[in-house]
1. Along the charge dipole of segment B:176-272, which of B:238, B:212, B:184 sits closest to the positive end, that is, farthest toward it, with unit charges on the beta carbon of Lys, Arg, Asp and Glu (+1, +1, -1, -1)?
2. Using just the helices of the protein assembly as shown, give the 222 nm mean residue ellipticity in deg cm²/dmol: DSSP H runs with n ≥ 4 each add -39,500 (n - 2.57), and the total is spread over all residues, rounded to 500.
3. Just the number, please: percent antiparallel of the DSSP beta bridges in the protein assembly as shown, rounded to the nearest 5.
4. For residue A:263 and residue A:235, calculate 0.36 nm times their separation in residues minus their Cα-Cα distance, and state this gained length in nm to one decimal.
5. For residue B:200, which sequence-distant residues (separation of 5 or more, or a different chain) have an amide H within less than 5 Å of its own amide H, given hydrogens modelled in the peptide plane?
6. When the expected Rg is taken as 2.2 N^0.38 Å, what fraction or multiple of it is the alpha-carbon Rg of segment A:155-225?
7. To one decimal place, what orientation-averaged projected area in nm² is obtained for the convex hull of the Cα set of segment A:221-264?
8. Among all the aspartates and glutamates, which ones have a C-alpha under 16 Å from residue B:58's C-alpha, if same-chain residues fewer than 8 places away are not counted?
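Just so it is clear, none of the values below were taken in a lab; they were calculated from the coordinates. Being a predicted model, the structure only gives us computed values, none of them experimental. All Cβ positions, glycine included, derive from the backbone under ideal geometry; neighbour counts span all protein chains shown.
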Amino acid sequence: MKFGIFMVARYYGDPPSPGWPSRPVFLKPDAATQSVGFMLDANVLAHSVGFDFFTFAEHHYNFAQLSPNPMLYASALTQRLPGAHIGILGIDLPINNPVRVAEEYAMLDHLTGGRSLIGLLRGTPNEYMTYGTNPWESRGRFEEGVLLIKKALTEPEPFGWEGKYYRYRTIAIWPQPVQKPHPPMLISCSSENSAAFAGANRLDVGFEIAAGFSGYDRIRDWRKCYIETAQEHGWTPTANNILCRQHCLVADTDEEAAELSAREGWPEPIQDSIIAHGLPSAAGGDPYKKRDSTAPRGRQAEAMAPVVNLIRYGMSGIPKGTPAGRPIPHTAGPLLSGSPETVLRQIREQTEFIGNNRLELVFTGAHLSQAQIRRSIQLFGEKVIPSLRHEVSLAASTAQAAAAV
Amino acid sequence: MTDQSVAEEIGSAFVEHFVDADGFRVRYWEAGSGDPVVMFHGGGGPKFTIAQDILARKFRVLTFEMPGWGASEANTRTQNLDELAETMAQAVAATGLGQYHLLGHSIGGATALVLTLAHPDRVRQLVLEAPATFRTGNVAHSDDPAARARAFRVHPERPPVFTPPGPEQRAKTGPLMQRLQDRPAYDEVVAARLEKLETLTLVLFGTEDGVVSPENGAIYKKLIPNATFILVYDAAHLIQQDRPEAFADVTIDFLERGLAFLIPEVSSLINP
């Protein structure tokens, strides 16, 4: 099994007032620089305790993720960790220029010496307000963008693209990547549509088990769809094609982990952290304290909630004009939390269910301090990784992955 | 307008004509006015398309039925592409055209290319839609009707609805197609000639083409000095039929502006 760390670049200065976008007036440059430095240092720590790959994601206009261009962090890390496997999970493709995305991934592949990983996602709802992208076109732009990127990374001669959403008369990226035909390419699998698309186009898939994304109850169906569709298209995914992103809190004992979780409000629902909805109003509250469900929402947050829901509708393919009523439900899944032994057991159970050979961990979130995060990373690397490495790998077991369908 | 009425309207502006050329009675249809665009069909025979209708609003379009296809008699005389290209060159000349844009699909594209090599002075600009000159990387044709249809059309339901040639048509055109395609998948002789072709050429391949692999597009780009190779997304072998507006858009832009079509001229100004 391969272990990755998805190190969120959170802002550790005084937080802004609630709501998205985060108001820039609250930014203290020194605090932002320290926050970015901590994030990069945490990756170096993770590397020293045995993590195999290092990833970043793209988010905009938000104190919770200082990462509008994750390529810069990935590139910086290549110089601090030469020879490391580094990737972006992922670029928000519908809001970006696919040819530019292909160019940057190819450059990253050279900076990593052919050890990069491509992740292409559709983004969280607020991203569609970032550059003004039509959310009803999200899936169409995404699917076309993925295929365009594949061609840009592999076509041997200059070519043009006459798409539905993208038109380029000339594409000839230099450099093309080191890895041939291209670096491993992964998309998020959070629906049957995405599972089928991944299977049909020889893509890896990532399942995110976190508050606000996917629960176990749907992952089994999506994985089945992915494998069956792939087989219809002439290939069979193995556990190496499947990544699971999990939120993880490791402490010396289960009791300490439980106490930390309760005190610091971990885990923080992902959608809330990114969109900053539902945070307590600024009146008398420190948003870094555990969320108080009785505190009134900020007026801006209340007004924005139906807008965000409308974007979710668009991204999900629900037709325009459908009243933006009830929020689309998310099912939270079990997280990794406890002593190293407990987390080890949780990983075994989860991996057996999901059949993944890549596990990407998120140690940040909520109000965890930098020291707590470093400790969690250290314990995982020193106590959990070595145990799992000695166990029978689920990696190449095609039969196991197929049998579990 | 329903799909049915759209289907009935397709090609309604085209008027049928005949010419005698090279011992054949050759049928063609004409619509529109302006610069002439001559079109050669693919192995399925002539078929009116929405793309042709759009082209006919901008150009004088002449779409030919090559001898042996459609309603014409079985063609037992033509032995190879050179002969077919010469027959079609004479047929076009018989309409009175001296210079024209030439557009060919699949085997019609291969024919158009050979015609252009033989008569470069006649062809102003060349558009090749999934041409069958080079056929490297092709997978074997499937016997499953659904898979076979997908090789030709991503969207078989769009007008004109996809109907594969029936047994009578296949029996008539099969031997002719075999003779025309009795050459290597990478034809070295043609490849050598292409390096000297100066005609502005646009090569289009559908990303989902299951008949002639889109990877062949790069070959034309590599060999023809003034070629542009464009992939048409979400289209299979019959690009005009899968994505008529996209096909017409890029073809018209190329024919009207030549290589300047590489520059977008549509304004991105939202408001002054």
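1. B:184
2. That calculation yields -11500 deg cm²/dmol at 222 nm.
3. Within the protein assembly as shown, antiparallel bridges account for around 20 percent of the total.
4. Extra length available between residue A:263 and residue A:235 comes to 5.3 nm.
5. B:126
6. Taking the Cα Rg and dividing by 2.2 N^0.38 Å, one obtains 1.47.
7. 4.8
8. B:30, B:35, B:245, B:249, B:253, B:256
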